[in-house]
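Q: A single structure is presented below for examination.
The values are calculated or read from the model by the stated rules, or taken from the named source; none is laboratory data. Not measured: the values here are computed from a predicted model. Virtual Cβ from ideal backbone geometry, glycine too; neighbours counted across all protein chains shown. Accessible surface areas use protein heavy atoms only, side chains included; no ligands, DNA or RNA. Shrake-Rupley method; radii C 1.70, N 1.55, O 1.52, S 1.80 Å.
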Amino acid sequence: LDNFSRETARRRAEDEVERLAFYDPLTNLPNRRLLHDHLKKSFANSGRTSHHGAVLFIDIDNFKSFNDRFGHAVGDKILSAIGGIISRSLRQVDYAFRYGGEEFVILLPETPLENAILTVERIRMRIADEASSSVPEAHGSRITVSAGVACYPENGSKREDLFSLMDSYLYKAKSMGKNRVCHSFTQDL
């Protein structure tokens, strides 16, 4: 190989290593490393501009049972399908991340709680409508998600505080029957 070809191959290999470090290969969404960077920037922008933002924590309902019943290959297809649905449901300024396992985080800069709720409800319904049909190997099982929503700066401007709050709202959504969204205005049924 000539020097140009070697240099091109080296750059491609470096780009692939960087992509694997920051993007989930299954969903092609950024991973939690990029999430933390984007959160810092969003918090800083919010402080300068006084705009609100929202963070959404989404978890696939009964995901372990899908893996146990249909196998991990089907579980991977479900994750990929949901990642695609989430990506197609967002504005160009929003960010979606695969947080880990069956969890996704969405960052909605300059978005008040009411608009964040509309966004995550739209995503939740699209997943319930589309995910099952896009993974026929799940044999008609209904695929749903639950979500927790927190806003900054109202609910804090520290990642730990927001994630703790989102996690408690997500747990509340699961305990209330799943396939729902909980946030600061959610009342117990």
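Q: Mean Kyte-Doolittle of at least 0.0 plus a Cα span of 15 Å or more along the axis: flag which DSSP H helices in the chain meet both, please. Intermediate results must be reported in sequence, preceding the final value.
A: Numbers: long enough: 3-22 (29 Å, -1.30); 32-49 (25 Å, -1.19); 72-88 (24 Å, 0.69); 113-134 (30 Å, -0.07); 159-175 (24 Å, -0.58).
The answer, listed by residue number, is 72-88.
Q: Give the shape of segment 87-186 as rounded, prolate or oblate, defined through the alpha-carbon gyration tensor: a ≥ b ≥ c are the square roots of its eigenvalues, a/c under 1.5 means rounded, and otherwise the shape is prolate if a/b is larger than b/c and oblate if not. Don't skip to the end; give the middle numbers.
A: Values: a/c = 1.96, a/b = 1.54, b/c = 1.27.
The shape class here is prolate.
Q: Can you give the extra length, in nm with one decimal, that the chain gains between LYS158 and LYS41 once fully stretched, where that is 0.36 nm per residue apart less the Cα-Cα distance?
A: On the way: separation 117, 0.36 × 117 = 42.12 nm, distance 1.20 nm.
Separation in residues times 0.36 nm, less the Cα-Cα distance, equals 40.9 nm.
Q: Name the lysines eligible as straight-distance cross-link partners of LYS178: C-alpha to C-alpha under 20 Å, and not fewer than 8 places from it in the same chain.
A: Here the lysines satisfying the reach criterion relative to LYS178 are LYS64.
Q: Report, in deg cm²/dmol and to the nearest 500, the calculated mean residue ellipticity at 222 nm for the chain, where each DSSP H run with n ≥ 4 adds -39500 (n - 2.57) and the sum is divided by the residue count.
A: -18000 deg cm²/dmol
Q: Something else about it: Going by Cα centres, segment 129-164 and segment 29-97 are how many Å apart?
A: Comparing the Cα centres of segment 129-164 and segment 29-97, I get a distance of 7 Å.
Q: Here is a further query. Which whole-number percentage describes the relative contact order of the chain, with Cα contacts under 8 Å and a sequence gap of 6 or more? Walk me through the numbers on the way to the answer.
A: Working: 286 pairs, mean separation 46.3, N = 189.
Across the chain, relative contact order equals 24 percent.
Q: Further question: With all protein chains present, how much of the accessible area of segment 24-169 (probe radius 1.4 Å) comes from carbon and sulfur, to the nearest whole percent?
A: Working: 3390 of 6790 Å².
On segment 24-169, the fraction of accessible area on carbon and sulfur atoms equals 50 percent.
Q: On to the next question. In a Gaussian network model over the chain where Cα atoms closer than 10 Å are linked, find which of ARG124, ARG11, ARG159 has the largest mean-square fluctuation.
A: Of the options given, ARG11 has the highest mean-square fluctuation.
Q: Straight distance only, please: which aspartates and glutamates reach the Cα of LYS158 with their own Cα at less than 18 Å, same-chain residues fewer than 8 apart left out?
A: Partners within reach: ASP37, GLU110, ASP167.
Q: Decide, for segment 1-151, between rounded, prolate and oblate: order the square roots of the alpha carbon gyration tensor eigenvalues as a ≥ b ≥ c, take rounded if a/c falls under 1.5, and otherwise choose prolate if a/b is larger than b/c, else oblate. Walk me through the numbers on the way to the answer.
A: Values: a/c = 2.50, a/b = 1.10, b/c = 2.28.
It comes out oblate by the Cα gyration axes.
Q: Then there is this: For PRO136, what charge total do you get from the other residues with a beta carbon under 13 Å from its beta carbon, if Lys and Arg give +1 and Asp and Glu give -1?
A: On the way: positive: LYS77; negative: GLU130, GLU137.
Taking every Cβ under 13 Å from that of PRO136, the sum is -1.
Q: A follow-up question, please. Taking only protein heavy atoms and a 1.4 Å probe, what accessible area per residue, in Å², does segment 73-189 have with all protein chains in place?
A: Details: 5500 Å² over 117 residues.
Roughly 47 Å² per residue, with all protein chains present.
Q: Place the peptides 114-121, 129-136, 78-85 in order of packing, highest mean first, counting for every residue the other Cβ atoms within 10 Å and averaging per peptide. Mind dumping the intermediate values first?
A: Numbers: 114-121: 17.5, 129-136: 15.9, 78-85: 21.1.
Output ranking for 114-121, 129-136, 78-85: 78-85, 114-121, 129-136.
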